[in-house]
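Quick notes on the structure that follows.
We did not get these values from a lab; they are worked out from the coordinates using the rules stated. Keep in mind that this is a model prediction, so the values were computed, not measured. Glycine also receives a Cβ, built like all others from the backbone with ideal geometry; neighbour counts cover every protein chain displayed.
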2 protein chains.
Amino acid sequence: MAELRRLQQRLRELEEELARERGGRGAPRPRIEAMSAEVTDSNPYSRLMALKRMGIVQDYEKIRTFTVAVVGVGGVGIFFFYLIILLLFDYDKVELANMNRLFFQPHQAGLSKVQAAEDTLRNINPDVQFEVHNYNITTLDNFEHFMDRISNGALEEGKPVDLVLSCVDNFEARMAINTACNELGQIWMESGVSENAVSGHIQLIIPGESACFACAPPLVVAANIDEKTLKREGVCAASLPTTMGVVAGILVQNVLKYLLNFGTVSYYLGYNAMQDFFPTMAMKPNPQCSDQNCRKQQEIYKKKVAAQPKQEVTEQEEEIVHEDNDWGIELVSEISEDELKAASGPVPDLPEGITVAYTIPNKEENPVAEETVAESEESLEELMAKMRNL
Amino acid sequence: MAELRRLQQRLRELEEELARERGGRGAPRPRIEAMSAEVTDSNPYSRLMALKRMGIVQDYEKIRTFTVAVVGVGGVGIFFFYLIILLLFDYDKVELANMNRLFFQPHQAGLSKVQAAEDTLRNINPDVQFEVHNYNITTLDNFEHFMDRISNGALEEGKPVDLVLSCVDNFEARMAINTACNELGQIWMESGVSENAVSGHIQLIIPGESACFACAPPLVVAANIDEKTLKREGVCAASLPTTMGVVAGILVQNVLKYLLNFGTVSYYLGYNAMQDFFPTMAMKPNPQCSDQNCRKQQEIYKKKVAAQPKQEVTEQEEEIVHEDNDWGIELVSEISEDELKAASGPVPDLPEGITVAYTIPNKEENPVAEETVAESEESLEELMAKMRNL
């Protein structure tokens, strides 16, 4: 009997513990077939559909037809993807050092980042469909598989994804994405945060139409910080969740504007956190680009433009070209092909506040990582002089 | 005996259920007494402390001495507060309609926002200390209690908090915070996102030194959207997590820059998501401000400046005044007191892209909410003409 009472007591304790553990948590909400604009507290889509009523976004429901591939599920990649079909690529594991953001939670330490991201996002929004790949895209086999999924991974299997997002933290992975997208003619967006965590940028790359990563050294925001402090070995990069939040926000905003066709899509938008300065610009591709697929895409784009009736060209360009804004600020620096040809090196005349991230690779198809520096100490003038001598 | 076996069986089931329920979740990590810069995967502070090594932030550990009060735990208020002592004020409950962001989770529906926020943040970072108040600060009793906590709620009880953040979505709550901070001489930051979700702003208010909310109609970013689409009744405001993410990011970045004394702290920073335009400006207080405590703070500030040796004044101002950035952009519009006195109304000459959110209240100490409109359809010129006639 004493044993029975002890068991009954333990049973009650366990039941209470379970109830506490479950807290207010019910089952996850059921999937929602059609997005509704109905204004009720239980409709997670009402605030988004209001954009349609206001005439800002013509067709928000269309978001459920798009497929986006995200390479790099870190501080930037993990943001806000709650309505789209998502392919996630990352080979990293969640560590406690990743806890300075709101996305990964301590109990996920040790899980792969793609799995942890899928778990968290699925819990928040069961309407998102996931395909996760826990590998490094830069190895030969994985790169081929990556190319295959980009080409065929859309909602309708066999069709390419709508957009690839680069949210990685190294040059090699960016160049792999660049190589794949040039070959496939795949539109992609790049994002990055500097080693010192106080600047970042996003960039839209339309193969053949805007400069790719091999056309010119990647552009970064000048941070006005003594670069020598960045160069010590064996120390990790700084990371500010605030800088990442801003960069992730402007990246996904640009994605929404691009996919849903509202506002002005930026080709390049920088963020200097120290001065609260946000330079924008656009850059045409380099006809002498070292990537042959980029040059091929440039030919295709030229033919496409030539084949279109004059009127259509204008209309199409209005959709995505970053026009001068209405505020009298002129920072967009469009380089014509003639200007580029006349230039003696591949570094165009950049607006103030934007500089190059790397020195140019030595005429090789695949530049090697050792030759790059995180943020060059050289001035733009010095770099241009160097390139003239190449 | 049958009963005993049944109980033993049930006990095993419950234990298994509890283990499943807890999943991979271990105990939360222990509190960390001293922030370390050690580069290990298990150190959640290594990425932040790197900022110190790089010379960007002199003393990041100091963050653990600051107390910040956040009013409004919504899309903006819930961001990134993982190292500070936090006072949270909100009277709302979590609804499924709040799920279009990454912070609240479906199982929290029905909980108070302050409780849900504390649970989530405590799980991510047990080093944050919380004090939560689930009430509306605008009622008489609550307002007094709010004032008391602002004045006494610092780490060292009896000292005022270091900063108040306004992350609310209505005029009445903003004016309540303004009234309290003017009376207490409490520095605060305001943030807001427009009804159409495609623009937002942050603002730093130092009583007596920069314009308060009663000095001039609150400033918002011009959105170039047909305002008529916003005016229908019974429909909810739009909400884009991307816009909220950017505004929250620039707000908390400004908080970090202000508290930890790095970079240039912005007095006003706007975000126009349609054009990717980020106007900045600064505005001095209005000597004819309708809030008597604002006028009193202006006198105190004047005396303080006059009493300081010339050199110290310059040094102090360099800490927080928004200087022209190095990029040749001039959007900061400092209004002198003479200019303000000479002006016939309280609306200063605003940089392009910034406009007023509300029409001016009719000479009352506490303007009533009915008299305000979310984003005026009137042009600045019309508004100024109106004010001249007041």
Open item on the list: Going by average Cβ density within 10 Å per residue, which order do the peptides A:134-146, A:198-210 take, highest to lowest?
Closed with: A:198-210, A:134-146
Open item on the list: Suppose you put the label 7 Å out from Cα in the Cβ direction; list, shortest first and in nm with one decimal, how far B:Lys62 is from each other copy's label.
Closed with: 5.0
Task: Length added when fully stretched, B:Ile300-B:Glu38, from 0.36 nm per residue minus Cα-Cα - done: 89.8 nm
Open item on the list: Averaged over its residues, how many other protein chain Cβ atoms are within 10 Å of peptide A:281-293's Cβ atoms?
Closed with: 0
Open item on the list: Residue by residue through A:184-196, how many Cβ atoms from other chains fall within 10 Å of the Cβ on average?
Closed with: 1
TODO: Calculate the dipole size of the stretch B:255-303 relative to its Cα centre from +1 charges on Lys and Arg beta carbons and -1 charges on Asp and Glu beta carbons; express the result in debye to the nearest 20.
DONE: 300
Task: Label geometry 7 Å along the beta-carbon vector: B:Arg10 inter-copy distances in nm - done: 1.4
TODO: Kindly give the distances from B:Lys303 to its copy-mates, label point to label point, with each label point 7 Å from Cα along Cα→Cβ, as nm values to one decimal ordered shortest first.
DONE: 8.1
Task: Efficiency of FRET from Cβ geometry, A:Glu172 and B:Lys62, R₀ 41 Å, rounded to 0.05 - done: 0.65
